[in-house]
Amino acid sequence: MIPNGLPSGMQGFGYNLRRPIFQDPRVREALAYAFDFEWSNKNLFYGAYQRTRSYFDNSELAATGVPQGEELKILEKFRGQIPDDVFTREYDPPKYDGSGNIRDGLRKALKLLMAAGWTFKDEKLVNAATGQPFSFEILLDNPQFERIVLPFVDNLKRMGITARVRTVDPAQYERRMDTFDYDMAVVLFPESLSPGNEQREYWGSAAADQQGSRNVLGIKSNVIDQLIEELIQAPDRASLIAHTRALDRVLQYGYYVIPNFHLAAWRVAYWDKFRRPAITPKYGIGLDTWWVDPGAEKTVEAKKGEVAK
């Protein structure tokens, strides 16, 4: 999972776009309705997490609202090549109330799936043209993630979709991901506050055919390729932010992953003898600026061994 306080990044259930069943964006959008984050956060995480919605979440690089200013100018060049929603509404993954009742969301999902050419046969979702059942495997390398994935699988089953969970050892998992031998997996794309050349490796068309690359999703988009090159060549910070937000927005509306969750803060336990400046780093703990208060240290030392009441 994304570590505590990571400035930005995306963790989610990633689709392998090389698989025919995931090549229609309506299908990818639909399956997101089966992940009930609010239920998981309430029942598994004690409400500790926030839903991830951006590939640069928890930072000024994240696309929010609707595009304006330079960001809108950047995206206008691609109008007609990208979804109209990019220009008219903020992307947000499906939200529920935490009760586990997601019937309304599943209805929306089924409408999308029907529009994409899927229908029911013997209570199973099948391709209307070929009769192929909607079935795929979710690849994991950590059994602890099964508690998150299995409720997702149950919700998919309610839509007539068969999803199998397969947990393998780290070596096999790495081999399968390097060779793109998976249907869906938990993917992680950590980001810095100054994105650059690495975006080619994450989303660039050339990397999609290179085994071992970070473009495990198999994204091939001329628009994204151009946005990446413009981002890399951004002349200043303001332009970099605008180009990153434009790229983020196009990635969001590609429905390439089902976003998971993240911690927006650091979890720190420390002796009450340390002091820190009133102004702290925006991203990080800034331990190099902490110091020991001699008076507080004496108090701590004197109380060691006492039993808390």
Report summary line: Screening Leu251, Leu217, Leu247, Leu231 for residues that are in the same structural domain as Phe13 (by TED's automatic domain parsing), modelled with pLDDT of 95 or more and in contact with a His (Cβ under 8 Å, 6 or more places away or on another chain) leaves only Leu231
Requested in this report: Considering each residue of the range 65-90, count those that are assigned to a loop (DSSP other than H, G, I, E, B) and either without any contact (Cβ under 8 Å) to a residue 60 or more places away in the chain or over 27 Å from Pro190 (Cβ atoms) (or both), and give that number.
Outcome: 9
Requested in this report: Pairs only if they're at least six apart or on different chains, beta carbon under 6 angstrom, first in the range 150-172 and over 18 Å from Leu125 (Cβ atoms) and among the charged types (D, E, K, R), second at pLDDT 95 or above and outside any helix (DSSP H, G or I); list them, first residue then second.
Outcome: Arg166/Glu137; Arg166/Leu139
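Quick one: in the range 212-239, which of the residues that are outside any helix (DSSP H, G or I) and touching a residue at least 24 places away in the same chain (Cβ under 8 Å) is surrounded by the fewest Cβ atoms within 10 Å (Cβ to Cβ)? Working first, answer last.
Initially, the range 212-239 is screened for residues outside any helix (DSSP H, G or I), giving 212-221, 233-236.
After this cut, where a residue has to be touching a residue at least 24 places away in the same chain (Cβ under 8 Å) as well, the list is 212, 214, 216-221.
On the way: Gly212: 11, Arg214: 18, Val216: 22, Leu217: 24, Gly218: 20, Ile219: 19, Lys220: 17, Ser221: 21.
Selected residue: Gly212.
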Report summary line: the range 101-211: strands (runs of 3 or more DSSP E) wholly inside it with 3 or more residues that are in the same structural domain as Asn222 (by TED's automatic domain parsing) and more than 20 Å from Phe37 (Cβ to Cβ) are 118-121, 124-127, 135-140, 162-167
Requested in this report: Examine the range 229-240 for a residue that is touching a strand residue (DSSP E or B) at 6+ places or on another chain (Cβ under 7 Å) and farther than 30 Å from Gly131 by Cα, and state whether such a residue exists.
Outcome: no
**Report entry** Near pairs, Cβ below 8 angstrom, 6+ apart or cross-chain, from the range 261-273 (over 22 Å from Pro294 (Cβ atoms) and in a loop (DSSP other than H, G, I, E, B)) to any residue that is modelled with pLDDT of 70 or more and among the hydrophobic types (A, V, I, L, M, F, W, C)
**Finding:** Leu263/Ala48; Trp266/Ile285
Query raised in the report: In the range 79-97, how many residues are buried (at least 16 other Cβ atoms within 10 Å of the Cβ) and under 19 Å from the mean Cα position of the chain (by Cα)?
Result: 5
Requested in this report: Return the residue satisfying two criteria in turn: it lies in the range 173-206 and is surrounded by 16 or more Cβ atoms within 10 Å (Cβ to Cβ) and of a type in the set (Val, Ile, Thr), and of such residues it is nearest to Asp122 (Cα to Cα).
Outcome: Val186
Query raised in the report: Name the residues in the range 227-248 that are touching a Phe, Trp or Tyr at 6+ places or on another chain (Cβ under 8 Å) and farther than 20 Å from Thr64 by Cβ, would you?
Result: Ile228
Query raised in the report: Of all residues in the range 8-31, which are surrounded by fewer than 20 Cβ atoms within 10 Å (Cβ to Cβ) and either part of a loop (DSSP other than H, G, I, E, B) or within 13 Å of the chain's Cα centre (by Cα) (or both)?
Result: Arg18, Arg19, Gln23, Asp24
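Give the residue, chosen from Glu76, Glu60, that is surrounded by 14 or more Cβ atoms within 10 Å (Cβ to Cβ), under 13 Å from Ala246 (Cα atoms) and not aliphatic (A, V, I, L, M). Write out each step before concluding.
Working: Glu76 fails: surrounded by 14 or more Cβ atoms within 10 Å (Cβ to Cβ).
Checking each option against the conditions leaves just Glu60.
The values are calculated or read from the model by the stated rules, or taken from the named source; none is laboratory data. Computed from a predicted model, the values in this text were never measured in an experiment. Please note: Cβ atoms are built from the backbone with ideal geometry, for glycine as well, and neighbour counts cover all protein chains shown.
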